[in-house]
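The values are calculated or read from the model by the stated rules, or taken from the named source; none is laboratory data. Nothing here was measured: the structure is a model prediction, and the numbers come from that model. Neighbour counts run over all protein chains shown; Cβ positions are idealised from the backbone, glycine included. The accessibility values were calculated without ligands, DNA or RNA, using every heavy atom of the protein model including side chains. Shrake-Rupley method; radii C 1.70, N 1.55, O 1.52, S 1.80 Å.
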Amino acid sequence: MDTARASRTGDPEVIFGQGKQPAQVVSILQRLTAEHPDRAVLATRCADDALRACTEEFGGRAQVDPLARTVVVGPWPTAFGRVAVVCAGTSDLPVARECATTVRAHGAETELVADVGVAGLHRLLARLEQIRAADAVVAVAGMEGALPSVLGGLVAAPLVAVPTSVGYGLSMDGTAALLAMLNSCAPGVTVVNVDNGYGAGVAAARIARTIGRLRAGEGAR
C-alpha cells in the first residue's frame, strides 16, 4: 500500500475495489484513513457485499453510493475550482456519479448535469450556461458517443470525454463510443478509457483545483 502518494501527488491512494474481498476493502480503508485522518479516502468499483461491509464498519463516517459503487471515508478536502460532469443518459449515471464523487474527493467542487444527450439537443442547450461556468468539463456518454464532440464546439474549458459501455450489439461494450471520441473533430477533447469515471474525475479535478487556487491567489499545488 502506497501511503506516501499524497506527499508526491497531493492525493492519497485510492482503492480499486473490484475483485477484492469485503474484508480487504475495509482493511485498506482503515489503514488509509489512519494515515490520512484529515482527508477523504475513496474506494471505487466496490461490490454490494463490500459496500455493506464498509457501512457496517464505518457507520456514519462512510458515504456510500450504491449506484456509483463508491465509498468515501473522512472529511472532504477544501474545494478549489468547479467541474461540470455532463451525462448523456440515465444509463450513464453509474459512471458519471463515480466521476463526480472522484472530483469532490480530489479537491474540486462538482455539479452533475444529467440526461442531456444529443438525441434531445434542446436539453443540453438549456443547461449550457451552467456548464460553461465550470473550470473543467467531463462528458460521459455511450451509444455513438457524440456528446463530447458537441460540447467541444460549445465550451472553452478543458474537456475530458468518458465513453461508457452503454449501447446495443455493435457498440461493442463501449468501443464504438471510444473510437468516436478519439476521432472527434472538436479540438481540445481528451479521452479516457471505457467506463473510467475515476480517471476522468482525477484529471478534471486537478485542472479545476489548479485554476481555483490561482484564482484564490494561493498558487498552483
Segment 146-172, subset closer than 14 Å to A186 by Cα and β-branched (V, I, T), residue most open to solvent (accessible area, probe 1.4 Å): V150
Any hit, segment 206-220, residues being in contact with a helix residue (DSSP H, G or I) (Cβ under 6 Å, 6 or more places away or on another chain) and crowded, with 19+ Cβ neighbours inside 10 Å: no
Filter result for P12 (in contact with a helix residue (DSSP H, G or I) (Cβ under 6 Å, 6 or more places away or on another chain), of a type outside the set (V, I, T) and under 30 Å from P148 (Cβ atoms)): yes
Residues that are open to solvent by 30 Å² or more (accessible area, probe 1.4 Å) and assigned to a loop (DSSP other than H, G, I, E, B), drawn from segment 115-145: D115, R127, A133, M143, E144
Residue match in segment 45-54 (condition: at pLDDT 95 or above and either on the phi > 0 side of the Ramachandran plot or under 16 Å from the mean Cα position of the chain (by Cα) (or both)): yes
